[in-house]
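These notes concern the structure reproduced below.
Derivation of every value follows stated rules applied to the coordinates shown; laboratory data play no part. Predicted model, so just to flag it, every value in this text is computed and none were measured. Every residue, glycine as well, gets a Cβ built from its backbone with ideal geometry; the counts of neighbours run over all protein chains shown.
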Amino acid sequence: MKNFLKKINYKKILLYLGIFTVALVIFDYLIMPWYVSADEVQVPRVIGLNQDEAIGKLSDDNLDAVIAGERFDEKYPKGIVIFQKPLHGSIVKEGRRIFLFVSSGVPMVKVPDLRGKQLRDARLTLEKMELILGDTTMVEAEDEKLTVLDQGFYPGREVKRGTRVSLTLSAGKQVGLIAVPDVIGKTLSQAEKILLENKLTVGRLNYQPSFSLLPNTIIDQYPSSDTFVKEGTSIDLFVTKDVDTPKELEEN
């Protein structure tokens, strides 16, 4: 026991006690009074600002901005502050840390490969990926009816959640039916020739005045292109005509 007591270095113990006492005095008489007497400021609103603007605005008020993390947000674009703590309007000491959460943008998903799937399966796959079935176009093909032949976005492309994906579907082999050709933009004589070549006829002609297009230009048709109809079906055409000149202008 005596040997153990001899080994104790009382000088070191006294030194440590002295250092602790000095640190306590500094904390009590310098740091605490400075903190207590520090000016108070009102936390400004930085939600909706981009990250750099928010940091600058807080710095102007002698506050310390800290980026606490990122979150997906459909309202705010990437890099915009979406939440702050303490909230704006809070009264805090100068130098207080203000934690900011920044938007990482809208969640992105990869477009699945839908080619070869039936329409029902393709729809379910899109729903699982939080995507929406867009417009569908039917074309004549050897594939089974309602088989997906093509899609609006190539597989693997990243798009926003909720994006509409259009599909091209097989109408199957349409025996005895003819796909209506697209004659929009053609002249009336060209349209008549194309329809005749496809064993179709010109139906009702609906003339509409146009300032920008030459007369006898096809601006619409019914049924629309890629619709399947029977041989000899009449296709109604919407055709431009000259704009009538008002009598007042003719007299002048």
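A few points about this structure:
- The charge dipole of the chain, taken about its Cα centre with unit charges on the Cβ of Lys, Arg, Asp and Glu (plus for the first two, minus for the last two), comes to roughly 2440 debye.
- Pairs from the table (Lys128/Lys173; Lys173/Lys193; Lys199/Lys230) lying more than 21 angstrom apart at Cα are Lys128/Lys173; Lys173/Lys193.
- Placing +1 on the Cβ of every Lys and Arg and -1 on the Cβ of every Asp and Glu, with no other charges, gives region 177-241 a dipole of roughly 160 debye about its Cα centre.
- Take every DSSP beta bridge whose two residues both sit in the chain; close to 55 percent of them are antiparallel.
- Here nothing in the chain passes the span test, since no DSSP H helix has an alpha carbon length of 27 Å or more along the helix axis and a Kyte-Doolittle mean of 0.5 or above.
- Ordering Phe99, Asn216, Met138 by the projection of their Cα atoms onto the charge dipole of the chain, which places +1 on the Cβ of Lys and Arg and -1 on the Cβ of Asp and Glu, puts Phe99 at the extreme positive end.
- Estimated from helical segments only, the mean residue ellipticity of the chain at 222 nm is -7000 deg cm²/dmol, where each DSSP H run of four or more residues counts as -39500 (n - 2.57).
- For region 140-227, the alpha-carbon coordinates run over 46, 37, 16 Å along the three principal axes, in decreasing order.
- If you model the chain as an ellipsoid using its alpha carbon gyration tensor, with each semi-axis the square root of five times an eigenvalue, the axes come out at 78, 31, 10 Å, biggest first.
- Once the Cα gyration tensor of region 108-170 is diagonalised, semi-axes √(5λ) in Å: 20, 10, 9
- Packing, taken as the mean count of other beta carbons within 10 Å per residue, orders the peptides 122-131, 89-98, 205-214 from highest to lowest as 122-131, 89-98, 205-214.
- Filter on Lys117/Lys160; Lys57/Lys85; Lys85/Lys160 - keep pairs with C-alpha separation over 25 Å: Lys85/Lys160
- A simple spin-label model places the labels of Arg120 and Glu144 1.0 nm from each other, with each point 7 Å out along Cα-to-Cβ.
- Dimensions of region 51-160 from C-alpha coordinates, computed as largest minus smallest value along each principal axis and given longest first, are 74, 19, 18 Å.
- Using a simple spin-label model with pseudo-atoms 7 Å out from Cα toward Cβ, Met129 and Val22 lie 6.8 nm apart.
- Residues whose amide H falls under 5 Å from that of Thr217, counting only those 5 or more places apart or on a different chain, are Thr240, with hydrogens built in the peptide plane.
- GNM remark for the chain: springs join alpha carbons under 10 Å apart, and the peak mean-square fluctuation among Ala23, Ala54, Ala68 falls on Ala23.
- Subtracting the Cα-Cα distance of Asp64 and Val243 from their residue separation scaled by 0.36 nm leaves 57.6 nm.
- Phi-based couplings in Hz for region 158-163 (Karplus 6.51, -1.76, 1.60; Gly and Pro marked x): 8, 9, 5, 4, x, 5
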